[in-house]
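Below: one structure, written as structure tokens.
The values are calculated or read from the model by the stated rules, or taken from the named source; none is laboratory data. As the structure is a prediction and not an experimental result, all values here were calculated from the model. With ideal geometry, Cβ positions are generated from the backbone for all residues, glycine too; neighbour counts draw on all protein chains shown. Remember, those area values only see protein heavy atoms, side chains included, never the ligands or the DNA or RNA. Shrake-Rupley method; radii C 1.70, N 1.55, O 1.52, S 1.80 Å.
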Amino acid sequence: MKWHHVQENWFAFFDAILDKWPDADEAELEEIDGDQRAFITYIAELTGQEITEAKEEIRDWLTGELP
């Protein structure tokens, strides 16, 4: 799946995001509002990963089964 699909339907992906990253905060996700760079940075901070690792994790998530 391409990021623009996620960005266009950002709020619809909250459940999938929270399933993958249960510590994510809905208020933070609302602020991100589909911004890919902000989401990558947020996931990196949330998980304690480097940006490149978070980017790879998100890429893997996008290629998996999503709602």
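So which pairs qualify, if the first residue must be in the range 20-33 and closer than 17 Å to residue 47 by Cβ and free of Cβ contacts under 8 Å to residues at least 60 places away in the same chain, the second must be open to solvent by 90 Å² or more (accessible area, probe 1.4 Å) and not in a loop (DSSP other than H, G, I, E, B), the Cβ gap must be under 9 Å, and the two must be at least 6 apart or on different chains? What qualifies is 29/11.
This table checks each residue for (1) assigned to a helix (DSSP H, G or I); (2) among the β-branched types (Val, Ile, Thr); (3) under 9 Å from the mean Cα position of the chain (by Cα).
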| position | (1), (2), (3) |
| --- | --- |
| 22 | no, no, no |
| 27 | yes, no, no |
| 41 | yes, yes, no |
| 46 | yes, no, no |
| 49 | no, no, no |
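Test residue 59 against the criterion of being loosely packed, with under 11 Cβ neighbours inside 10 Å and under 11 Å from the mean Cα position of the chain (by Cα), and give yes or no. When the stated conditions are applied, residue 59 does not pass them.
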